[in-house]
1. Is there any pair with a first residue in segment 15-26 that is closer than 16 Å to MET112 by Cβ and a second that is of a type in the set (D, E, K, R) whose Cβ atoms are under 6 Å apart and which are 6 or more apart or on different chains, and what are they?
2. Which pairs turn up if I take residues in segment 113-131 that are within 11 Å of ASN21 (Cβ to Cβ) and touching a residue at least 12 places away in the same chain (Cβ under 8 Å) and look for partners that are of a type in the set (Ser, Thr, Tyr) and surrounded by fewer than 23 Cβ atoms within 10 Å (Cβ to Cβ) with beta carbon separation below 9 Å, at least 6 apart in sequence or on another chain?
3. So VAL146 clears everything in (1) open to solvent by less than 60 Å² (accessible area, probe 1.4 Å); (2) in contact (Cβ under 8 Å) with a residue 60 or more places away in the chain; (3) not basic (Lys, Arg) except one condition, right? Which one?
4. With closer than 20 Å to ASP8 by Cβ, of a type in the set (D, E, K, R) and in contact (Cβ under 8 Å) with a residue 24 or more places away in the chain as the only criterion, which of GLU163, GLU157 stands out?
5. Filter segment 177-214 down to residues that are touching a Lys or Arg at 6+ places or on another chain (Cβ under 8 Å) and not in a loop (DSSP other than H, G, I, E, B) and give me whichever is most open to solvent (accessible area, probe 1.4 Å).
6. Among the residues of segment 1-30, write down those that are at pLDDT 95 or above, closer than 15 Å to GLU148 by Cα and crowded, with 20+ Cβ neighbours inside 10 Å.
7. Which of the residues spanning segment 166-176 are closer than 19 Å to HIS212 by Cβ and either under 27 Å from the mean Cα position of the chain (by Cα) or assigned to a helix (DSSP H, G or I) (or both)?
Amino acid sequence: TGRKKEIDLLEQIILRHDKPNAILVGNPGVGKTKIVEGFAKDVQNVKVYQLDTLAFMSNIMFKGELEKRVLELTSALIEKGNVILYIDEIHTICSGNDAQSLDVANLLKPVMTNNSLKIIGSTTFEEYRKYIEKDEAFTRRFYKMVIEEPSYDETLEILKNIENNYARYYNLVYSQDSIKEIMNLTNKFVFDKHYPDKAIDLLDMVGAYAKHCN
């Protein structure tokens, strides 16, 4: 992934005796989920499960159904042992002090308090302030990891690490000059997205264009 420093810090947080939970906070496209994926591959004797929040919270028709779902989920994960629950866009499980909203966060607090289930979440700065920060009791259970946009050189290293995946998919070879040109073009002309996503997007588009032309 090219984010060894961030992955190492995440591993340290998860090993903590108290509050072994983390929220990765950063702008869209800076690679929060990729860091968690790198952590999942790197960590030993632990399985990471990702929660499909949309499916999990949909079609709640009866009173008490959400509570039942959370209890069944947490009980199943705890029973497996040595598991971590990853919740992308973790702000979606918080009500933001809206009494009419479903709030999974409150239902997760008991299992987080006794450390029977470890949780990693990710969200943006805006959503963190809007939803998560307002719930101080939930916020205190996490170590907040601020994920900065990787530098030009760091992103270049990331591209070099993943280019083989795209090369195999498109059955082509990316030259080192093409990788550098992708970096130069995104650095000069793409300002509405962040590294590494904007560079990876162009890497993917170049492969698709080459396949289309052939």
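The values are calculated or read from the model by the stated rules, or taken from the named source; none is laboratory data. Only a predicted model underlies this, so the values are computations on that prediction, with no experimental measurement involved. Please note: Cβ atoms are built from the backbone with ideal geometry, for glycine as well, and neighbour counts cover all protein chains shown. To get the accessible areas, we keep the full protein, side chains included, count just its heavy atoms, and leave off ligands, DNA and RNA. Shrake-Rupley method; radii C 1.70, N 1.55, O 1.52, S 1.80 Å.
1. Here the result reads LYS19/ARG141; PRO20/LYS118; ASN21/LYS118; ASN21/ARG141; ILE23/LYS144, each pair linking segment 15-26 to a residue that is of a type in the set (D, E, K, R).
2. Short answer, once both residue conditions are applied: LEU117/THR74; ILE119/TYR86; ILE120/TYR86; GLY121/TYR86.
3. (1)
4. Details: GLU163 fails: closer than 20 Å to ASP8 by Cβ.
Sole residue among the options that is closer than 20 Å to ASP8 by Cβ, of a type in the set (D, E, K, R) and in contact (Cβ under 8 Å) with a residue 24 or more places away in the chain: GLU157.
5. Across segment 177-214, the extreme among qualifying residues is ASP201.
6. Within segment 1-30, GLU6, ILE7, LEU10, ILE23, LEU24, VAL25, GLY26, VAL30 qualify.
7. Start the filter on segment 166-176 by keeping residues that are closer than 19 Å to HIS212 by Cβ, which leaves 166-175.
Passing the criteria: TYR166, ALA167, ARG168, TYR169, TYR170.
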